[in-house]
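Asker: Questions regarding the structure given below will be posed in turn.
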Amino acid sequence: MQFKKAPRGATPLAQRPRVSHRHLLAVAALTAAVAIAALVAPGGDVEANRSADAELPGAMDAAIEVAESGVDTAAIEEPAPTETEAAAEPPETPEPAPAPAWRELIVQSGDNLSLLFKRAGYGDGDVYRIVHTAPQGKALERIYPGQTIGFLADDAGELAAVRHVIDPLHSVVYRRMDGGYSSERIDREPEVRLAWASGEIDTSLFLAGRDAGLSSNLVMELANLFGGVIDFALDPRKGDTMHVLYEELYLDGERFDEGNIIAASFTNKGETFNAFRYTDSAGQASYYNENGVSMRKAFLMAPVDFTRISSNFNLKRLHPIYKTTRPHRGTDYAAPRGTPVFASGDGRVIEAGYTRANGNYVFIQHGERFVTKYLHLNKRKVRQGQRVVQSQVIGTVGSTGAATGPHLHYEFLVDGVHRNPRTVHKLLPKAKSLASAEMPAFRSAITGVSQQLAQRQSDTRLASAGGPSTGTATAAP
């Protein structure tokens, strides 16, 4: 083959794209080197040398033509790897099989298992087998709106598993097996982060807490925490301040709920009350002030999630309906209809019923000396003879009986005599304190938090001196 040059001035023919120019040149150089080596090698007969001499130009032309032609060298076969080289190469990792897909349904009001299974394409027989063969099958019947029921089918479309998501932290998985279903409870641990919230009272504790970033539940927990020393219906004043260190719960990096209050303070009319969460040596968690005195008093100062006081204790009050002077032996807490009413202390329900004057009412006996009465309820949540604990909801605010509007009428009796509910705490038993043996551990446990709380209070006083402050919420260090 002769290498033909293009005529001078002519346009060269378009060449095919070269796959690897360096590789092609290397092949050409190697071919030429082999030919030259064969020519100058010593020994051999003259005919052989002449033959090699004659073939050299052709070999060179062939090598150049290969280099210039753009032949895809990938087509040139390479020697198979040796066993050692093959063993050194990492094996191919197979792609993981896709996880089976769950079909999830949200439990709606009025749903039951039969309806949910039918909606997912399964029958009552599947319901029966899970409920009656799985170890925890009966629990699947206790479903509530907002929960999730997941269904997993096998390759044949038959039901293979059911997942009951009770809440973000707890779920139960039921899997089909020979003869029935197994059950596995899965409990997750959330990540706990601490956060601070600070606020100043302008109109109410509720609004101050909301402005500080606290939920309604945390505000009520705060009110209950200090409910034995502060009547949040009458005691708070504009300019009072609060500080709260509380838990935020995270799952998979996202906040989903609130935890416990770790420490809190409330400054009312210049007097500051502190509370710290502490778990004693017996594993019991409760709240104490800085001296180890329990924040849980025998009775709450106010037994309702109130909005305002409409009528105070007055033995000579003019009755708004009967228009006669009648003793008002309690305190009226005006609040929207349906507002929860709490048991002010532990005790037993001695009466629960309805009369024309009292409307729906509940009377509670606390030990031998004390009785509390709750009148004009919209609904009663307890029955006669039932045991109740402090802050348990016993009813809701209403206007039943002789009432002009929704409110709670609350009475407090000591040894059968009516007392002013707002001042009766002076006659009540003292709160319990931690045992002396617990105090070193208690002081050690609250030292860091106590210092942070004191710093927050100091910062608030400085801010107040320079102008009004607003509610803030920050992450704890």
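Asker: So which residues in the stretch 223-252 are under 22 Å from the mean Cα position of the chain (by Cα) and in contact (Cβ under 8 Å) with a residue 24 or more places away in the chain, if there are any at all?
Answerer: Those that are under 22 Å from the mean Cα position of the chain (by Cα) and in contact (Cβ under 8 Å) with a residue 24 or more places away in the chain: Val244, Leu245, Tyr246, Glu247, Glu248, Leu249, Tyr250, Leu251.
Asker: Is it the case that the stretch 141-156 has a residue that's in a helix (DSSP H, G or I), modelled with pLDDT under 95, not assigned by TED's automatic domain parsing to the domain that holds Asp257 and not small (Gly, Ala, Ser)?
Answerer: Yes, the stretch 141-156 contains a residue that is in a helix (DSSP H, G or I), modelled with pLDDT under 95, not assigned by TED's automatic domain parsing to the domain that holds Asp257 and not small (Gly, Ala, Ser).
Asker: Among the residues of the stretch 97-134 satisfying the criterion of being touching a strand residue (DSSP E or B) at 6+ places or on another chain (Cβ under 9 Å) and among the aromatic types (Phe, Trp, Tyr), which is nearest to Gly157 (Cα to Cα)?
Answerer: So the residue we want is Tyr122.
Asker: Continuing with the same structure: In the stretch 365-468, which strands (runs of 3 or more DSSP E) lie fully inside it and hold 2 or more residues that are touching a residue at least 12 places away in the same chain (Cβ under 8 Å) and either surrounded by 12 or more Cβ atoms within 10 Å (Cβ to Cβ) or out of contact with any Gly (no Cβ under 6 Å at 6 or more places or on another chain) (or both)?
Answerer: Where strands (runs of 3 or more DSSP E) fall fully within the stretch 365-468 and carry at least 2 residues being touching a residue at least 12 places away in the same chain (Cβ under 8 Å) and either surrounded by 12 or more Cβ atoms within 10 Å (Cβ to Cβ) or out of contact with any Gly (no Cβ under 6 Å at 6 or more places or on another chain) (or both), they are 370-380, 393-397, 407-414.
Asker: Now for a different question. Pull up the stretch 262-319, narrow it to residues that are out of contact with any strand residue (DSSP E or B) (no Cβ under 7 Å at 6 or more places or on another chain) and basic (Lys, Arg), then point me to the one that is modelled with the lowest pLDDT.
Answerer: Restricting to residues being out of contact with any strand residue (DSSP E or B) (no Cβ under 7 Å at 6 or more places or on another chain) and basic (Lys, Arg), the top hit is Lys269.
Asker: Considering each residue of the stretch 332-361, count those that are assigned to a strand (DSSP E or B), under 19 Å from Ala298 (Cα atoms) and either modelled with pLDDT of 95 or more or in the same structural domain as Phe232 (by TED's automatic domain parsing) (or both), and give that number.
Answerer: Adding up the residues that qualify gives 4.
Asker: Tally up the residues in the stretch 178-201 that are assigned by TED's automatic domain parsing to the domain that holds Gly213 and among the hydroxyl-bearing types (Ser, Thr, Tyr), please.
Answerer: So the answer is 1.
Asker: Phe226 - would you say it is aromatic (Phe, Trp, Tyr) and touching a helix residue (DSSP H, G or I) at 6+ places or on another chain (Cβ under 6 Å)?
Answerer: For Phe226, the condition - aromatic (Phe, Trp, Tyr) and touching a helix residue (DSSP H, G or I) at 6+ places or on another chain (Cβ under 6 Å) - is not met.
Asker: Given Glu221, Glu184, Glu258, which one is assigned to a strand (DSSP E or B) and farther than 24 Å from His164 by Cβ?
Answerer: Matching residue, one of Glu221, Glu184, Glu258: Glu258.
The values are calculated or read from the model by the stated rules, or taken from the named source; none is laboratory data. The model shown is predicted, which means the values in this text are computed figures rather than measured ones. Don't worry about glycine lacking a Cβ; one is built from the backbone with ideal geometry, like all the others, and counts go over all protein chains shown.
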